[in-house]
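*Asks:* Attaching a single structure in structure tokens format; questions to follow.
Readers should treat all values here as calculations from the given coordinates under stated rules, not as data from a laboratory. The structure presented is a predicted model; accordingly, all values stated were derived computationally and were not measured. Reconstructed Cβ throughout: ideal geometry from the backbone, glycine too, with neighbour counts over all protein chains shown.
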Amino acid sequence: MKEKTVLFVDDDGIVLRSIARDLMDEPYNICFAKSGEDALEILLQQEVHVLVTDIRMPGMNGVELLKIVTQKYPKIVKMVLSGYTNTSDLMTAIYKEGVLKFIPKPWNLEEGEEFRAIIKRAIDHYNHQIEQAARPEAELNPCLHHISEK
Amino acid sequence: MRISQRLNLGFLAIAMWAAVVGHISLFQLNQISDPLSRSIPGSLESINETAYLEGLTQDIRYYDEVLTQSVRNYAFTQDKEWEQRYKNAKSEFDTVLKEAIDKGTGRDQGLLSSANKAHLALVEMENTSIEFVNNGMAEQAVNILESSSYWDQKRIHKQNIEDYALRRGAEYDEALANSTRIVSLAMKRTQDITEYSRRLVSIFAVVALVLALGSGFLIARSIYIPLKKLKAAAAEIGQGNLDAQIDIKSTDEIGRVAASFKKMTDDLKRTTTSIDNLGREIADRKEAEHNAKLACKELEKANRELKDMQSERVQNAKLVSIGQLAAGVAHELNTPIGFVASNFETLERYVSKMRKLLLEYEDLIGQIQISEKSELLDKTSVINKTRNSMKIDFILEDIAGIFNDSREGIKRVASIVQTLRDFSRVDQLGNLDTYNINDGIKTTLSVAMNEVKYGIDVKTELSDVPEIICSAGQINQVLLNLIINAAQAVKSRKSDQQGTIEIRTYATDYDLVCEISDNGPGIGPDHLPHIFDPFFTTKPVGQGTGLGLSISYDIIVSKHNGNLLVDSSVGKGTKFTIKLPLRRKKIKNESEVSRHERENSIICG
């Protein structure tokens, strides 16, 4: 399968660098944008499969970016990486824009799923989504779908 | 009927009566003047006429005598003067006689013409006599005049004239008598009428008097009786009987006065009733006041309890705001901790890779003495492959980056913690610090950074202001409150315009002033008077305590003798102004604080 690309958006360069280090050995491409506007530019230039964005950023904020991405690139799997959890706007956006997961900062300290595992799962989610879209007959015949999985 | 109308009617009756009387008097006067003007002049004229004729008669007799004497004297004296006299008298006589004949009646004319006939005969003889005299024959002349024929004619003439004169005299007397009778009749009549009029006038006068008295009495009665009733009623009302009835049904002025009086009485009654009610009300109020006093005491007690509770709540609110602050600061901490942790993990991986590689190198070094050269070379190439696959070159380079980034992260954490410590310097009332508000603003802005960092342009214009003695922690709390409010206001507005918060500091002669203004939506005039009230909030339930500004007010106004002013206009923004006295009197104690009036310092914009 062709390599997938994950785009990270955060206004803090140190955050992006730490993520780059963390995901250095992972089997997918990673790219970075320091603002929502930069992210949209990158989306025009290359295919992106998973988007991970911060919420509070100067200029376009994360929620606005998520809305545009949902509209223009509905296939992209969206995730949020943010230190802020308690605004209702954010919660609404997560629900409405179909955000796959909210990753709270700090992301590598919390108990539970590792950061890399989360990204991996997002890529799997994307692949599964594409597979389902490509084989509509499987949807019609659950038996066939069951067999093909085996 | 009105009194004025009644009076008018009375006067009209009297006037009419006077008119009737006047008219009758006039009629009577006519009765008097009619005979006077008609019968009396007639009688007077007949007197005149008869008198004239009488005069003529006298003249005839006179001139006849003059003729006789003149001619005789001429005959005897031959004096020419007598001739002349005779001629004069003759023409006079002729004129008078002619007139008498013309004016005379049938019988008179008969007498006179007989007299004239005799006269003519006489004249003829007398002329003859005069001729004789003139011819110097005086004797003949006297003879003619002495002749019997002359005297016969003279006698006839005289007889006729005398008869005529008698007739005239009788006629004159008759006319005079007639006239006298008429005048006396008229006089008697006048007297009668005058008497009659006098009687009439006196009767009329009496009737008029009776009429005037009667109508006067009636009118007076119609005024007096209701007035008497009114007076009685007034006296009765005066004695307190407000139910006194006034039995006046007329529609005249008195009736109206009575109606007004009645209305007044009714009003008085009502007023009295309301006064009674008022009295009762006053009594009630007194009781209510007493109750209110009791209630007030209870309220005071409740108030004390509430105050205790309030300070508890204020304490809670402080905890809440500290909690909010902590949450905000925690968010601020999340990012550096996040990347430091991530870098730490990466570093861990790097170290484990390097350790693995190091072990390989150690193994290689251990094998140098016991292994073949070709074996060693193989091993070296395996190690190099591993090293490349591990991206050791990159790792070695990146380790410096990790340390730099982590150091930065740790610095950020340390800075945040330091700010927090600066910000919440010991918050006890007695603890006063030397405080520079510009430093306070900088610290507070750092703490509030997570609120104001994005999308808001914070402009500061901080003048070189003197330091003041105050409770730094408390002032910082106010600054934080106002800055966060401003940030939230700016964010809540719908416009695309760049949100700005402007912070200015400057000093006047007495005050240190700090202005914090935003271009948010502003505060509506219905909210503005309440913004300093405890628990007043426009934020959704659970998002604001409604105590932020209340506590700020308490800190600035009550605890620091300063002033906290707000100036806001909807759609333009809000400006809060903190004024702190440069010289501090003393810290107010709690009881003074509670008495402080806070409305004075609110300025609505």
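*Asks:* Send over the per residue convex hull volume for segment B:161-302, Cα only, as a whole number of Å³.
*Replies:* On the way: hull volume 21.9 nm³, N = 142.
Per-residue hull volume (Cα only) is 154 Å³.
*Asks:* Next question. Give, rounded to the nearest 20 debye, the magnitude of the charge dipole that segment B:336-419 has about its Cα centre when Lys and Arg contribute +1 at Cβ and Asp and Glu contribute -1 at Cβ.
*Replies:* On the way: 12 positive and 13 negative charges, 49 e Å.
The dipole magnitude comes to about 240 debye.
*Asks:* Would you kindly state the longest site-free stretch of chain B, with sites defined as chymotrypsin sites (Phe, Trp or Tyr not before Pro) in a DSSP loop (not H, G, I, E, B) surrounded by at most 14 other Cβ atoms within 10 Å?
*Replies:* Details: sites that count: B:510, B:535.
That would be B:1-509.
*Asks:* Another one. Exposure proxy check: B:475, A:123, B:24 ranked by fewest other beta carbons within 10 Å?
*Replies:* On the way: B:475 28, A:123 20, B:24 15.
With the fewest neighbours first, B:475, A:123, B:24 line up as B:24, A:123, B:475.
*Asks:* Moving to a separate point now. Within chain B, what's the longest stretch lacking GluC sites (Glu not before Pro) that sit in DSSP loops with no more than 14 other Cβ atoms inside 10 Å?
*Replies:* Values: sites that count: B:372, B:467, B:597.
Excluding the exposed sites themselves, the longest stretch runs over B:1-371.
*Asks:* Sort B:346, B:190 so that the residue with the fewest other Cβ atoms within 10 Å of its own Cβ comes first and the one with the most comes last.
*Replies:* Details: B:346 24, B:190 17.
By the 10 Å Cβ count, ascending: B:190, B:346.
*Asks:* So, one more: With the Cα gyration tensor of segment A:1-86 in hand, convert its eigenvalues to equivalent ellipsoid semi-axes via √(5λ) and list them largest first in whole Å. The partial results should precede the final answer.
*Replies:* Numbers: eigenvalues 70, 55, 25 Å².
Three semi-axes, in Å: 19, 17, 11.
*Asks:* Then there is this: Skipping prolines and chain starts, which residues have an amide H placed within reach, meaning under 5 Å, of the one on residue B:458, given they are 5 or more residues away or on another chain?
*Replies:* For residue B:458, the qualifying residues are B:501.
*Asks:* Next question, about the same structure. Given Cα positions, please report Rg to Rh for segment B:224-301, the hydrodynamic radius being the Kirkwood one.
*Replies:* Working: Rg = 21.1 Å, Rh = 15.2 Å.
Rg/Rh: 1.39.
*Asks:* Work out the P(r) tail for segment B:3-210: percent of alpha carbon pairs separated by more than 20 Å, whole number. Before the final figure, lay out each step's value.
*Replies:* Numbers: 14954 of 21528 pairs.
Everything past 20 Å amounts to 69 percent.
*Asks:* Still on this model: Helices from chain B with mean Kyte-Doolittle at least -0.5 and a Cα length along the axis of 18 Å or more, per DSSP H: which? Don't skip to the end; give the middle numbers.
*Replies:* Details: long enough: B:3-77 (105 Å, 0.13); B:80-103 (35 Å, -1.53); B:106-134 (40 Å, -0.18); B:148-238 (128 Å, 0.00); B:253-367 (147 Å, -0.54); B:373-389 (24 Å, -1.04); B:392-423 (45 Å, 0.20); B:472-492 (29 Å, 0.69).
Helix filter hits for chain B: B:3-77, B:106-134, B:148-238, B:392-423, B:472-492.
*Asks:* Could you tell me which residue out of B:52, B:127, B:113 lies farthest along the dipole of segment B:33-147 toward its positive end? Charges go on the beta carbon: Lys and Arg +1, Asp and Glu -1, centred on the Cα centre.
*Replies:* B:113
*Asks:* May I pose another question? Can you give the FRET efficiency for residue B:101 and residue B:78, using 1/(1 + (r/R0)^6), R0 = 35 Å, r = Cβ-Cβ distance, to the nearest 0.05? Don't skip to the end; give the middle numbers.
*Replies:* Numbers: r = 34 Å, r/R0 = 0.97.
Efficiency for this residue pair is about 0.55.
*Asks:* Okay, next question. Only bridges with both residues in the protein assembly as shown count here: give the DSSP antiparallel percent, nearest 5. Please list the in-between numbers first.
*Replies:* Working: 25 of 49 bridges.
Percent antiparallel among DSSP bridges in the protein assembly as shown is about 50.
*Asks:* Report, for chain B, the % of DSSP beta bridges that are antiparallel, rounded to 5. Before the final figure, lay out each step's value.
*Replies:* Values: 25 of 32 bridges.
Close to 80 percent.
*Asks:* If you rank B:20, B:133, B:257 by fewest surrounding Cβ atoms within 10 Å, what's the result? Intermediate values should be presented prior to the final figure.
*Replies:* Numbers: B:20 13, B:133 24, B:257 16.
Taking fewest neighbouring Cβ atoms as first place, the list is B:20, B:257, B:133.
*Asks:* I'd like to know which of B:40, B:86, B:4 lies farthest towards the positive end of the charge dipole of segment B:3-210, counting +1 on Cβ of Lys and Arg and -1 on Cβ of Asp and Glu.
*Replies:* Highest projection toward the positive end goes to B:4.
*Asks:* With unit charges on the beta carbon (Lys/Arg positive, Asp/Glu negative), name the residue among B:290, B:200, B:143 whose Cα is farthest towards the positive pole of the charge dipole of chain B.
*Replies:* Looking along the dipole axis, the top candidate is B:290.
*Asks:* Please state the charge dipole magnitude for chain B, taken about the Cα centre, from unit charges on C-beta atoms (+1 on K and R, -1 on D and E), reported in debye and rounded to the nearest 20. Spell out each step's value before the answer.
*Replies:* Values: 76 positive and 82 negative charges, 562 e Å.
Around 2700 debye, computed over chain B.
*Asks:* Kirkwood Rh over alpha-carbon pairs of segment B:336-419, then Stokes-Einstein at 4 °C and 1.567 mPa s: what D in µm² s⁻¹, rounded to an integer?
*Replies:* On the way: Rh = 14.9 Å.
Estimated via Stokes-Einstein, D reaches 87 µm²/s.
*Asks:* Charges only on Cβ, +1 for Lys and Arg, -1 for Asp and Glu: so what's the dipole of segment B:136-257 about the Cα centre, in debye to the nearest 20?
*Replies:* On the way: 16 positive and 15 negative charges, 146 e Å.
Approximately 700 debye in magnitude.
*Asks:* Hey, another quick one. Principal axis extents for segment B:10-96, Cα atoms only, whole Å, descending order, please.
*Replies:* Here the spans come out as 96, 16, 15 Å, largest first.
*Asks:* Determine the equivalent ellipsoid of chain B by diagonalising the alpha-carbon gyration tensor, then write out the semi-axes as square roots of 5 times the eigenvalues, largest first, rounded to whole Å. Intermediate values should be presented prior to the final figure.
*Replies:* Numbers: eigenvalues 5660, 309, 87 Å².
Gyration-tensor ellipsoid for chain B: 168, 39, 21 Å.
*Asks:* If you bin every alpha carbon distance in the protein assembly as shown into 20 Å steps from zero, what whole percent lands in each bin?
*Replies:* All Cα pairs, binned at 20 Å, distribute as 10, 19, 14, 10, 8, 7, 6, 7, 9, 6, 3, 1, 0 percent.
*Asks:* By its C-alpha gyration tensor, with a ≥ b ≥ c as the square roots of the eigenvalues, how is segment B:113-162 shaped: rounded for a/c under 1.5, else prolate for a/b larger than b/c, else oblate?
*Replies:* Values: a/c = 3.97, a/b = 2.19, b/c = 1.81.
Prolate.
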